[in-house]
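Below is one structure, written out as structure tokens; the observations come after it.
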Amino acid sequence: MIYITGDTHGSFNRIADFCRENHTTKEDILIILGDAGINYHRGYMDIMKKDFLAELPITLLCIHGNHEQRPSTIPTYTEQEWHGGIVYAEKEYPNILFAKDGEVYDLDGQKAIAIGGAYSIDKMYRIMYGYGWWEDEQPSDEIKRYVEKQLGERDWKIDVVLSHTVPLKYEPTEVFLPGVDQSRVDKSTEEWLGKIEERLQYRKWYCGHYHTEKEVGRVRMMFEEIERFY
């Protein structure tokens with residue numbers, strides 16, 4: 001079985017409960033739509049989280065968010081092939097996988113492309129207090145070219161998009177924090193995703209980031225709910 005959920009930010013009790021209630025195994029997959037929070041503290045706290053997740057009877061596929069370091073920049077991660085695409089994994093934690101942006105995975109016959117990253121509105125707060133923040137949180141020009149190349153090779157047709165943030169026109173403005181000046185928020189990733197969405201023929205688009213549950217047409221924003229992946 002394949003399941004999907006939104007941001008976890010390093011808190012996995014609901015996933016542990018889900019695994020117990022649904023009698024999952026390591027053959028089952030749970031997609032986390034960014035901000036898993038597994039590579040955030042860069043130390044013992046991350047190791048504790050990974051040790052906990054390693055014992056869960058499920059395999060995680062994590063999309064890159066904006067509250068975690070890219071695994072490609074962490075020496076303990078290596079690339080490996082998985083379901084027709086490339087993922088990052090650590091030898092000690094083979095059930096914790098991170099999608100590589102632009103890779104296309106075969107998930108029960110559905111072709112799904114991973115497009116991670118977003119801008120952090122709490123960037124200055126995290127820098128000020130020494131919390132994790134990384135300049136490469138948003139997709140680089142190189143990543144964008146690779147994503148577009150992958151889609152172009154498929155005639156701009158894909159079954160599912162797995163992203164962290166949303167195409168700009170789908171932003172859930174009703175959940176925006178009132179104290180944040182949106183004119184100062186970098187929305188280049190959302191704008192780029194919007195251009196992709198206009199060209200792309202797709203069946204479903206899943207995303208996280210906004211800590212809300214909302215569906216607009218074929219776009220599904222997720223947070224704490226765990227659903228079957230179709």
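The values are calculated or read from the model by the stated rules, or taken from the named source; none is laboratory data. Only a predicted model underlies this, so the values are computations on that prediction, with no experimental measurement involved. Using ideal geometry, Cβ is built from the backbone for each residue, glycine included, and neighbour counts are taken over all protein chains shown. Accessible surface areas use protein heavy atoms only, side chains included; no ligands, DNA or RNA. Shrake-Rupley method; radii C 1.70, N 1.55, O 1.52, S 1.80 Å.
Suppose only helical runs count, i.e. DSSP H with n ≥ 4. What mean residue ellipticity at 222 nm does that imply for the chain under -39500 (n - 2.57) per run, divided by all residues and rounded to the nearest 500 deg cm²/dmol?
About -6500 deg cm²/dmol.
Among G132, G37, G179, whose mean-square fluctuation peaks in a Gaussian network model of the chain (Cα, cutoff 10 Å)?
Among G132, G37, G179, the largest GNM mean-square fluctuation belongs to G179.
Top mean-square fluctuation among I63, I31, I121, Gaussian network model of the chain, C-alpha springs under 10 Å?
I121
Which of the GluC sites (Glu not before Pro) found in region 90-126 are loop residues per DSSP with 15 or fewer other Cβ atoms within 10 Å of their Cβ?
E92
Using alpha-carbon pairs under 8 Å, 6+ residues apart, how would you state the relative contact order of the chain in percent?
So the answer I get is 22 percent.
Rounded to the nearest 5, what % of the DSSP beta bridges within the chain are antiparallel ones?
45 percent
What accessible area per residue comes out for region 1-40, rounded to a whole number of Å², with a 1.4 Å probe?
I get 37 Å² per residue for region 1-40.
Around L193, what is the net charge, scoring Lys/Arg as +1 and Asp/Glu as -1 over all other residues with Cβ under 14 Å from its Cβ?
-2
Which of the residue pairs K91/K204; K111/K149; K26/K49; K123/K157; K49/K214 have a Cα-Cα distance greater than 24 Å in the structure shown?
Table pairs above 24 Å Cα-Cα are K91/K204; K123/K157; K49/K214.
Out of the GluC sites (Glu not before Pro) in region 51-80, which ones are loop residues according to DSSP with at most 10 other C-beta atoms within 10 Å?
Sites meeting the loop and neighbour criteria: E55.
Residues of region 109-230: accessible area per residue at 1.4 Å, in Å²?
54 Å²
Report, to the nearest whole %, how much of the accessible area of region 130-199 belongs to carbon and sulfur atoms, 1.4 Å probe, protein only.
The nonpolar share, carbon plus sulfur, comes to 45 percent.
At 1.4 Å probe size, with the rest of the protein present, what percent of the exposed accessible area of region 1-123 is carbon and sulfur atoms?
51 percent
Select one label from (1) 18.8; (2) 18.2; (3) 17.7: the one whose number is Kirkwood radius over Cα pairs in Å as derived from the coordinates shown.
Among (1) 18.8; (2) 18.2; (3) 17.7, the one calculated here is (3).
What ³J(HN,Hα) values, in whole Hz, does the Karplus curve 6.51 cos²θ - 1.76 cosθ + 1.60 give for region 2-16 when θ = phi - 60°, with x put for Gly and Pro?
10, 10, 8, 8, x, 4, 10, 6, x, 10, 10, 5, 5, 6, 4
From the C-alpha coordinates alone, can you work out the Kirkwood hydrodynamic radius of region 150-222, in Å?
Computed over Cα pairs of region 150-222, the Kirkwood hydrodynamic radius comes out at 13.0 Å.
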